[in-house]
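**Student:** Here you go, one structure.
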Amino acid sequence: MSLMEINFNNKTILITGGAGFIGSNIAFYLQKNYPDSKIIIFDVFRKGETFDNGNLKSFGHYKNLIGFKGDIICGDIKDEEDLNKLKFYKLDFIFHYAAISDTRVYDQEIIMKTNVNSFYNLLEVAKKNEAGMIYASSAATYGSSPSPQKIGDDSPENVYGFSKYAMDQIAYRYMKEYSNMHIVGLKFFNVYGEKEYFKNKTASMVIQLGHQIIAGKSPRLFIGSDKIMRDFVYVKDVILANILACFTKKNGIYNIGSGVHRSFYDIVNILQQELNTNLKIEYFENPYKGYQMHTRADISLSQEFLGYKPNYTLEQGIKEYIPYIKQTFNWDKKQ
């Protein structure tokens, strides 16, 4: 199915985690292209609470939603009383993006309760409403599996990756037991783009390195970064995948990436070219264990069953992203 044939007008759409990076991008895409759709954002929103690693427990931010005209519910997906507020809507589609996505959080209980337990509840909401469920899985399920990573090559090396693996197993069971349900999981690789600023330290290296360069500081990379390869995918390609997933006739879990591997060294070079700088790179030891050294999405199933074809190379994505990187350079992360 082509985008020309897709129509969300007169549909009611729930986006959990809708004040976050990908969720807010989906919301504005739908609002712009389908003005007669009804969009509900459900998000716990940002609080000052942090994990032991110093990162915030929630990243949803009101600034990501300035200009949004739909309904907003401030709620926690772990709280059934909050979820009960959804009973007033007859939902057609659910984009499930609310999660703890920080791979350096080691509190297993909070991640499993947030990511896994709540997934059961949201699948039941989808079943009751006969709504399509599109949810965020992750390439973190692959761990250090060799590239290209294919669906089924799971070997998670942190609790976040395991939680997404567990969600996938739950999704497969629902697909089998409730064959009339529409369920699609999307395994995102390294997503970058507008509205990720409030992810702070968990934002992509594209914006982090971009801000270092704009500040006139030497961009900092791990030693051997020219050999650390990643599949970087621009957020607009991720939006495309979400839209296509709503209308595929084939339930399943699909990789969403560019299908190409690039290095962090490449990112620095592209940023320096776009920002017209020539700063010397500063190298330091990688402090992390279990660090993925090479990712590249096998997107053959996504092409076959979703009709997904990425539109942006890394050069094209960063070029389009530069104005947002500049705009956010002096923003206050504490607001």
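Throughout, read-outs are computed from the coordinates displayed, never taken from laboratory work. Predicted model, so just to flag it, every value in this text is computed and none were measured. Because the Cβ atoms are built from the backbone with ideal geometry, glycine has one as well, and the counts that use them run over all protein chains shown.
**Student:** Can you run the Rg to Rh ratio on the range 138-240? Use alpha carbon positions and the Kirkwood inverse-distance Rh.
**Tutor:** 1.05
**Student:** How big is Rg to Rh over the chain, alpha-carbon atoms, Rh as the Kirkwood inverse-mean-distance radius?
**Tutor:** 0.94
**Student:** Quick one: compute a quarter of the convex hull surface over the Cα atoms of the range 158-296 and quote it in nm².
**Tutor:** For the Cα atoms of the range 158-296, the hull's average projected area reads 9.7 nm².
**Student:** For the range 93-135, list residues with backbone N below 20 Å from a point placed 7 Å from the Cα of Lys85 toward its Cβ?
**Tutor:** So the set is 93-100, 114-115, 118-126, 129.
**Student:** Once every DSSP H run of n ≥ 4 in the chain is given -39500 (n - 2.57) and the sum is divided by its residues, what mean residue ellipticity at 222 nm do you get, rounded to the nearest 500 deg cm²/dmol?
**Tutor:** Calculated mean residue ellipticity at 222 nm is -9500 deg cm²/dmol.
**Student:** Now for a different question. So, in nm, how far is label Lys69 from label Glu320 when the simple model puts each one 7 Å beyond its Cα toward the Cβ?
**Tutor:** That separation, rounded to one decimal, is 2.3 nm.
**Student:** While we're here: Between Thr313 and Ile6, what length in nm is gained on full extension when 0.36 nm per residue of separation is reduced by their alpha carbon distance?
**Tutor:** Residue separation times 0.36 nm, minus the Cα-Cα distance, leaves 108.0 nm.
**Student:** Quick one: if you stick a label point 7 Å off each Cα along the C-beta vector at Glu109 and Gln327, how many nm between them?
**Tutor:** 4.1
**Student:** Cross-link partners among aspartates and glutamates for Lys32, C-alpha distance below 18 Å, same-chain residues fewer than 8 apart left out?
**Tutor:** Candidates past the 8-residue exclusion: Glu5, Asp71, Glu194, Asp237.
**Student:** Given 0.36 nm per residue, what is the gain on full extension from Lys127 to Gln303 after removing their alpha carbon distance, in nm?
**Tutor:** That pair, Lys127 and Gln303, stretches by 60.7 nm at full extension.
**Student:** In terms of Cα to Cα distance under 18 Å, which aspartates and glutamates are near enough to Lys69, apart from those fewer than 8 places away along the same chain?
**Tutor:** Asp36, Asp43
**Student:** While we're here: Would you mind checking Lys38/Lys195; Lys11/Lys195; Lys63/Lys127; Lys289/Lys319; Lys63/Lys280 for any pair whose Cα atoms are more than 30 angstrom apart?
**Tutor:** Table pairs above 30 Å Cα-Cα are Lys63/Lys127; Lys289/Lys319; Lys63/Lys280.
**Student:** Along the Cα→Cβ direction, 7 angstrom out, place labels at Lys78 and Glu285. What is the inter-label distance in nm?
**Tutor:** 3.5
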